[in-house]
1. Of everything in segment 341-356, what is part of a strand (DSSP E or B), under 16 Å from G116 (Cβ atoms) and among the hydrophobic types (A, V, I, L, M, F, W, C)? Give them in sequence order.
2. Which one is nearest to the chain's Cα centre (by Cα), of the residues in segment 121-161 that are among the small types (G, A, S) and loosely packed, with under 15 Cβ neighbours inside 10 Å?
3. Conditions: (1) closer than 25 Å to A130 by Cβ; (2) in contact with a Leu (Cβ under 9 Å, 6 or more places away or on another chain). R228 meets all but one. Number of the miss?
4. Would you mind stating whether A211 is touching a strand residue (DSSP E or B) at 6+ places or on another chain (Cβ under 6 Å), of a type outside the set (V, I, T), closer than 29 Å to W307 by Cβ and open to solvent by less than 40 Å² (accessible area, probe 1.4 Å)?
5. Determine if segment 70-79 includes at least one residue that is buried (at least 18 other Cβ atoms within 10 Å of the Cβ) and of a type in the set (G, A, S).
6. Could you tell me which residue of segment 322-333 is surrounded by the most Cβ atoms within 10 Å (Cβ to Cβ), considering only residues that are within 16 Å of G115 (Cβ to Cβ) and touching a Gly at 6+ places or on another chain (Cβ under 8 Å)?
7. When F220 is evaluated against the numbered criteria (1) open to solvent by 50 Å² or more (accessible area, probe 1.4 Å); (2) within 30 Å of L352 (Cα to Cα); (3) aromatic (F, W, Y), which criterion, by number, is the only one it fails?
8. Based on what the data block shows, is R163 more than 18 Å from G98 (Cβ to Cβ) and among the charged types (D, E, K, R)?
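The values are calculated or read from the model by the stated rules, or taken from the named source; none is laboratory data. Note that the structure is predicted; figures quoted are calculated from it, not measured. Positions of Cβ are generated from backbone atoms using ideal geometry, with glycine treated the same way; all protein chains shown enter the neighbour counts. Heads up: the accessible areas ignore ligands, DNA and RNA and are worked out on the full protein's heavy atoms, side chains in. Shrake-Rupley method; radii C 1.70, N 1.55, O 1.52, S 1.80 Å.
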Amino acid sequence: MPRLLRDARKPGGRARAPRQLVVRDEPRNAETAPRAMGAYLTPAADRFLRANFAVPRLSRREHRVRVGGLVERPLDLGVDDLCLLDQRTITVTTECAGNHRTTLSPLPPGEPWSGGAVSTARWTGVPLAALLQRAGVRPGSLEVVATGADRGQVASGQVSYARSLPLARALHPDTLVALRMNGEPLRAAHGAPVRLVVPGWYGMASVKWLAAIEVAGEAFAGYFQSERYVYREPGRAPVPVAEMRVKAVFTSPLPAAQVGMGPVRVAGFAWSGGARIARVEVSCAGGENWVPARLMGEDEPHAWRAWELIWTPPHRGRHVLRCRATDDAGRAQPDVPRWNELGYGANGVQSLIVEAR
């Protein structure tokens, strides 16, 4: 089970509330703690951490990003060079592809993410399209491969972390080569000094510690494109993980909370990689009598949407609340997550147990 990672103790010796739940120490992988999940923008100290290898030690002054492959003019850019280019700021919800893996049965291999591997931030950087246009993409190009500076051992040997995007997604104006998060320079654990941010896709596409961008004329078959971050299902060909599936989660009350017999605010967030959220429904009877929740707050194209419902417990004792989302494209959360061998994309209807006293 994930363990709590706490801040320094408060004056007087009392521990602060946990900010993260550590899933693995080396490399550090951690979930946002339940008490921190209610913020629309996730502070850097609370944001979930995901790394396949050790965090590389990079110098902002010396680090370079190289753009090559099927281009007319290869580029070799420093961080200061990137900072001089036109910047764009967008708000993006990023979810780890393995989030809620623990809801699948039988449990697949991989980090046992229980639901906190999702966060939202405002990213500032250079559109990847601007770099590709500056380099001049050649005819016949199919994909753009992003490679990070992190490197480590897998079954086939030493590899760098790398993932590809279809050319159309790479050229989307909101796909960023990001330099800042929530108005501050990136932290090392979040990809400093420069990283990719791909709105709408699971986090494996947003390559951290970005070192190289290569335009390719054929499908990329690297380890993290063909062996990991793929949907493997019985009787089906493997498919690389891409867009986030529609999902709604609870942020309040907290799990196993005790509530009074008066009105209770039930709240959470909902998101989808392919469309805006159309509606969120909540069942206060374990899966019957679904009622619409109120969508509220900011409605940004690549960010989660807040929702709430006022519920009054009908009696004392234990209650099971459930929530589900539907997006504007008509995609709805399934009652049970779709099982796959590596445990990606789990988006079954969420449940919350509360005790009314």
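1. Hit for segment 341-356 is L352, nothing else.
2. Step one: of segment 121-161, the residues among the small types (G, A, S) are 121, 125, 129-130, 135-136, 140-141, 146, 148-149, 152, 155-157, 160.
Filter once more, so that each one left must be loosely packed, with under 15 Cβ neighbours inside 10 Å: 136, 140, 152, 155-157.
Values: G136: 30, G140: 31, G152: 22, A155: 26, S156: 27, G157: 27 Å.
Applying the filter and picking the extreme gives G152.
3. The number of the failed condition is (1).
4. no
5. Step one: of segment 70-79, the residues buried (at least 18 other Cβ atoms within 10 Å of the Cβ) are 70-71, 77, 79.
Those still in the list that are of a type in the set (G, A, S) too: none.
No.
6. The first filter runs over segment 322-333 and keeps only residues within 16 Å of G115 (Cβ to Cβ), leaving 322-325, 333.
Checking the rest, the ones that are also touching a Gly at 6+ places or on another chain (Cβ under 8 Å) come to 322-323, 333.
Numbers: R322: 22, C323: 26, Q333: 23.
By that ranking, first place goes to C323.
7. So F220 meets the others, but not (2).
8. Working: more than 18 Å from G98 (Cβ to Cβ): no; among the charged types (D, E, K, R): yes.
Spelling it out, it is not the case that R163 is more than 18 Å from G98 (Cβ to Cβ) and among the charged types (D, E, K, R).
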